[in-house]
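The values are calculated or read from the model by the stated rules, or taken from the named source; none is laboratory data. Everything numeric in this text was worked out from a predicted model, so none of it was measured. Neighbour counts are summed over all protein chains in view; Cβ atoms, including those assigned to glycine, are modelled from backbone coordinates with ideal geometry.
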């Protein structure tokens with residue numbers, strides 16, 4: 001069954017150990033390039049949580065479908081934990097512009113992690 005017109009889905013699977021290794025190898029340079037300060041605060045340095053956010057950013061990029069000549073900065077895609085424990089996706093800068101260009105208005109994200117795997121699914125809905 002196909003998604004309704006105007007809807008897109010993206011999914012990504014990320015290795016928790018890969019994120020842990022990137023943090024060990026590159027430290028703050030990696031962290032500040034990929035994550036926003038609010039994401040870093042939300043995650044408290046937990047590699048599984050960081051990997052989940054990385055997977056969500058990758059899944060969001062798949063939904064946004066940027067042109068080959070246009071890179072989206074990681075920090076333009078933000079995954080924030082809400083008081084009830086769920087997460088929400090916030091786009092800024094060139095990611096928000098790309099969503100506008102693609103006619104995408106609403107985003108939902110779901111994260112999960114188990115063992116060395118973190119995954120995310122992003123669903124986007126087009127404007128009415």
key: Verdict on residue 35 being surrounded by 16 or more Cβ atoms within 10 Å (Cβ to Cβ) and more than 15 Å from the chain's Cα centre (by Cα)   = no
note = A careful count of residues in the stretch 66-88 that are more than 25 Å from residue 27 (Cβ to Cβ) and either surrounded by 13 or more Cβ atoms within 10 Å (Cβ to Cβ) or modelled with pLDDT of 95 or more (or both) gives 2
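Here's the yes/no breakdown for (1) more than 18 Å from residue 89 (Cα to Cα); (2) under 14 Å from the mean Cα position of the chain (by Cα); (3) modelled with pLDDT of 95 or more:
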{"residue": "4", "(1), (2), (3)": "yes, no, no"}
{"residue": "9", "(1), (2), (3)": "no, yes, yes"}
{"residue": "14", "(1), (2), (3)": "no, yes, yes"}
{"residue": "20", "(1), (2), (3)": "yes, no, yes"}
{"residue": "26", "(1), (2), (3)": "yes, no, yes"}
{"residue": "30", "(1), (2), (3)": "yes, no, yes"}
{"residue": "55", "(1), (2), (3)": "no, yes, yes"}
task = Could you figure out which of (1) loosely packed, with under 14 Cβ neighbours inside 10 Å; (2) closer than 16 Å to residue 12 by Cβ isn't true of residue 41?
result = (2)
ask   = When only residues in the stretch 90-128 that are closer than 15 Å to residue 43 by Cα and at pLDDT 95 or above count, which is surrounded by the most Cβ atoms within 10 Å (Cβ to Cβ)?
value = 118
ask   = If we scan the stretch 66-78, do we find a residue that is part of a strand (DSSP E or B) and either in contact with a strand residue (DSSP E or B) (Cβ under 9 Å, 6 or more places away or on another chain) or without any contact (Cβ under 8 Å) to a residue 24 or more places away in the chain (or both)?
value = yes
